[in-house]
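The values are calculated or read from the model by the stated rules, or taken from the named source; none is laboratory data. Model, not experiment: these values are computed from the prediction. Cβ: placed from backbone, ideal geometry, glycine included. Neighbour counts: every protein chain shown.
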Amino acid sequence: MKFGQELASQMVQEWQEAYIDYKHLKKLLKDVQKSRQQDALTSSARQGGLFKRTLTLYRSFSGLTGGENCVIKNEDEVIFVNQVQPGSSENDGFFYQTIFLKSSEDGGEKESHFFKDLDEEFNKVLRFYKEKVKEVILRAEELSKQMDTLVALRIKVQKPLMEPSGNHQEVEPSDLVHEDAPPMDVIQEAGTSPVGASEDRTNVGSLSSLAHVKINIEPDCPVTTVRSVIMSATKSDLTFSMEEVRRAKDKLRRAFIEFHQQLELLKRYRFSNILALSKIMKKYDKITSRNASKSYLQMVGASYLGSSDEVNKLVDRVEATFIKHFSNENRRKGMKLLKPTNKIERHRTTFFLGMLAGCSLALVANIIVSIKARGLVRHEGRDQYMNNIFPLYSLFGFILLHMFLYGINTYLWRQFRVNYPFIFGYKSGTELGFRKIFLLASALSVLTLVAVLSNLDMEMDPRTQHFQTLTELVPAGLVVVLLLITFCPFNIIYRSSRFFLIRCAWRCVFAPFYKVMFADFFLADQLTSQVQAIRSLQFYVCYYGWGDYKRRSNQCSGSKLYGIFYIIVAIIPFWSRVLQCLRRMFEEKDIMQGLNSLKYFSTVVALVIRTIYDLRRGTFWKIMAASSSGVTTIFSTYWDIVMDWGLLQKNSRNPWLRDKLLVANKAVYFVAIVLNILLRLVWMQLVLDIDEAPFIHRRAMIALVGCLEILRRGIWNFFRLENEHFNNIEKYRAYKSTPLPFYYEDEKSL
């Protein structure tokens, strides 16, 4: 693998704009090489006097820059580098300026241009690295302060400072702090005094300082959310429970893990850029037959980027602190939490994927042959089957299609280096790759197709016709199996991913009681496209609860109550998104989230008006239903393309798209825009029930329209994450910033 490709694969994707532009510098060197090859055929030797005068000119000029004078040891030197003090408009510190001493030679202008761009790239990296080091030092100070508060708080909660009899007794932290026996070793910056000097540590860590401390813990369920709101209004004294302390410790532990990951990213950034500078200078020496890399790399080594050791020492201190206080001094356990290893894709995953996919195709072929051979399409029980059994199995069709599209998206995100595990907030190493997603989809498809085929065989075979009850319970049994697998507490079948999905779904249901994360509203958006699947679940309840499933008949469609709930279940995902947007608007003070909530609320209104039209009929309500559906369709389409995808930017470098694109072929984006508009129009059937067609059964038409909406959502998913990825790049957001568990009412007193 070439170094340029290796650098692109190893770089922190959200910081890619801050890396050395190796590709651009390599292109400049190719221009230098071409220029030297052309000049070698036509140029003549320059007079030595002219070169000496030029060299003298550069020496005089270098003294006017205000930087440190560089002494040229001999006439064969190619470059020297000035360390220049910036003006008031620049960032604090020095930046570097390289002077090419042989610009008078043929092709010298291109080499001068190369060093000018090289300096710009190096100074860019240097400024970024300094800023990030300042950030991590400040974060280290915060974590030290938080850890001291945790130790003091646990002392206060677990045992009072004096005996009830009034006899004073000095309490040792080792006697009181569970697991965290020794007090916190201060995280200190390399080469400086400890972060939080001893005087400040004593002040912060003392029990008296807790009078100014409050716990900032997110409630873990709706009940605790309501309780925290009530308690915050009535609670006057600062009291803490052991449960609050335990949750504060867990939150601080996560903050340490994320801080360690931040430091590791910074170490990787520094190493990759130094290596890129070394590679590009060696390439320059090879092309020009000069010896400039030694001087330039000596400057790099002496610079803050090459000589700074704060990050490495902070990593050591964080690891030592974490092992002591969060893993009971078990180094192996602590390092496993700090540096989780990525799971290796195993060949057995690919093997079982191929086997199950082949079984699925064989089962589909078997079902088609059975239907054709037995003439089931024109069978007298066709309508009865389509009205009673087909809706039961269509649920799994919707789920399988969504899983298949998500697997394709995962593959594309990885190909285009979109950091989707970070965007979704997966625990490192637990995200499912596209092979595992396809494996789960194939396994579910085999179960579903086996159930469909067994249902047909049991119904058509005279020997099994008397097992009528068992035949009709096959779909219900399949749902039970799926639910058991989903909620299985044992560490099998990707438990981490299953529980992540369950937690996100729970937070969607109780949207206003939880802080809204990206994965939460992303899942809620997926559910808005699974309305037909939710309605299928409603049909399961009606069919097996109130219908006569033994005779394959139901009265669900004739019930007014069922019709009302038919619309209500469709509203639930949209209403969840309304609440999520409102919470984000109040928390983030973002008016755009308020407008987004209006978009989902317009869909809810359209569905309610359609319900009224179903109950009352009449021209007026028909017009109201059509107009409200049209408004929400236009609103939603605009939001999809402009806000969620970030496209249709008039002044973009790519007309009517955006400045940065993952896919080089711009036609892909315009095709996606057109498809989104067309499929949004199909989505209107959710409101208008446009599900009648002369050539296809009504139930099949409903399923087809539901599949088209899932297809639209699959396309939406790719471009939505692409836009989020570029937003992270623009803000250099490469790691999560977990809120710390404690905040202080009066910082001055601390």
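Summary table below
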item: Set Asp590, Asp520, Asp548: member being more than 30 Å from Lys427 (Cβ to Cβ) and among the acidic types (Asp, Glu); result: Asp548
item: Per-region count, the range 577-608, residues modelled with pLDDT under 90 and surrounded by 19 or more Cβ atoms within 10 Å (Cβ to Cβ); result: 2
item: Residue check for Ile567: part of a helix (DSSP H, G or I), without any contact (Cβ under 8 Å) to a residue 12 or more places away in the chain and not acidic (Asp, Glu); result: no
item: Check on Thr430, in a loop (DSSP other than H, G, I, E, B) and either under 25 Å from Leu470 (Cβ atoms) or β-branched (Val, Ile, Thr) (or both); result: yes
item: Residue ID - farthest from Thr430 (Cα to Cα), chosen from residues in the range 324-345 that are in contact (Cβ under 8 Å) with a residue 40 or more places away in the chain and basic (Lys, Arg); result: Lys324
item: Filter result (in contact (Cβ under 8 Å) with a residue 60 or more places away in the chain and not polar (S, T, N, Q)) within the range 522-534; result: Phe522, Asp525, Val531, Ala533
item: Candidates Tyr735, Tyr743 - the one that is hydroxyl-bearing (Ser, Thr, Tyr), modelled with pLDDT under 85 and surrounded by 15 or more Cβ atoms within 10 Å (Cβ to Cβ); result: Tyr735
item: Filter result (of a type in the set (A, V, I, L, M) and under 19 Å from Val674 (Cα atoms)) within the range 697-720; result: Val705, Leu708, Ile710, Leu711, Ile715
item: Residue match in the range 650-658 (condition: within 24 Å of Tyr420 (Cα to Cα), of a type outside the set (Asp, Glu) and surrounded by 13 or more Cβ atoms within 10 Å (Cβ to Cβ)); result: yes
item: Qualifying positions in the range 271-290 - surrounded by 13 or more Cβ atoms within 10 Å (Cβ to Cβ) and among the polar types (S, T, N, Q); result: Ser272, Asn273, Ser278, Thr288
item: Matching residues, the range 615-647, being outside any helix (DSSP H, G or I) and either among the acidic types (Asp, Glu) or surrounded by fewer than 17 Cβ atoms within 10 Å (Cβ to Cβ) (or both); result: Arg617, Gly618
item: Selected residue [more than 25 Å from Asp383 (Cβ to Cβ), assigned to a helix (DSSP H, G or I) and at pLDDT 90 or above] from Leu679, Leu657; result: Leu679
item: Lone unmet requirement of (1) over 17 Å from the mean Cα position of the chain (by Cα); (2) assigned to a helix (DSSP H, G or I); (3) more than 27 Å from Arg374 (Cβ to Cβ) for Ala476; result: (3)
